[in-house]
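Beneath this line is the structure, given in structure tokens, with notes to follow.
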Amino acid sequence: MMSKKKILALLSFLLLPILVFAHDHGNKTYGTKEEAKELLIRATNLLKVDEIVGLTMMTVQTGGFILKDLYPFCFDDKLTIVSHPYNLGASMKDLKDINGDSVTKIIMANAREGEISEVTYTFGRYVSGDNKLPEDYLDSSMKKTALYTRAGKYYCMSGYYNK
């Protein structure tokens, strides 16, 4: 049976998106740095409370972790994506930006528990959040900034596009 403290923590994570993001930002489809950071903080805090619930909530598209074109996700030391609303189980091994720079290596070398870092790279933006092939990107030369951190045995990130 879950303790009262754990139940309250889980409820706060479930209700927070309603309170914080209840106001839709009009027709804007791009998330902001602040929104990406909030999603990342919520996700990593939830992992601390209950790892299985945290990974599941980030993966299911009704889990409250998708806002505009933003969502947090995590991968493990084997470079397998363990939570992602579109690419669960994919490998981060070959994640490179358009210039061939390994974003994964940068994240793994610099991620620290309790500290949010940033890396900016050139990447495509999916059309309507759909998981499409690179040739189906809306724009294949957009700058994206990933906010990332270490959360226990996972590397977690949430990125936003620099318009």
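Among the conditions (1) of a type in the set (Gly, Ala, Ser); (2) within 24 Å of LYS144 (Cβ to Cβ); (3) modelled with pLDDT under 80, the only one that ALA90 does not satisfy is (3).
Just checking, which of GLU34, GLU118 is outside any strand (DSSP E or B), among the acidic types (Asp, Glu) and either under 24 Å from LYS163 (Cβ atoms) or in contact with a Cys (Cβ under 6 Å, 6 or more places away or on another chain) (or both)?
GLU34
Pairs meeting the criteria (first residue in the stretch 66-84 and closer than 16 Å to THR149 by Cβ, second residue basic (Lys, Arg), beta carbons under 8 Å, at least 6 apart or on different chains) are PRO72/ARG42; ASP76/LYS153; ASP77/LYS153. Taking the stretch 43-95 as the range and being open to solvent by 60 Å² or more (accessible area, probe 1.4 Å), in contact with a strand residue (DSSP E or B) (Cβ under 8 Å, 6 or more places away or on another chain), more than 18 Å from ARG112 (Cα to Cα) and not in a loop (DSSP other than H, G, I, E, B) as the test, the residues that pass are THR56, SER91.
The values are calculated or read from the model by the stated rules, or taken from the named source; none is laboratory data. Since we're looking at a predicted model, the values are computed, not measured. As a convention, Cβ positions derive from the backbone with ideal geometry for all residues, glycine included, and neighbour counts pool all protein chains shown. All accessible areas refer to the heavy atoms of the entire protein, side chains included, with ligands and DNA or RNA removed. Shrake-Rupley method; radii C 1.70, N 1.55, O 1.52, S 1.80 Å.
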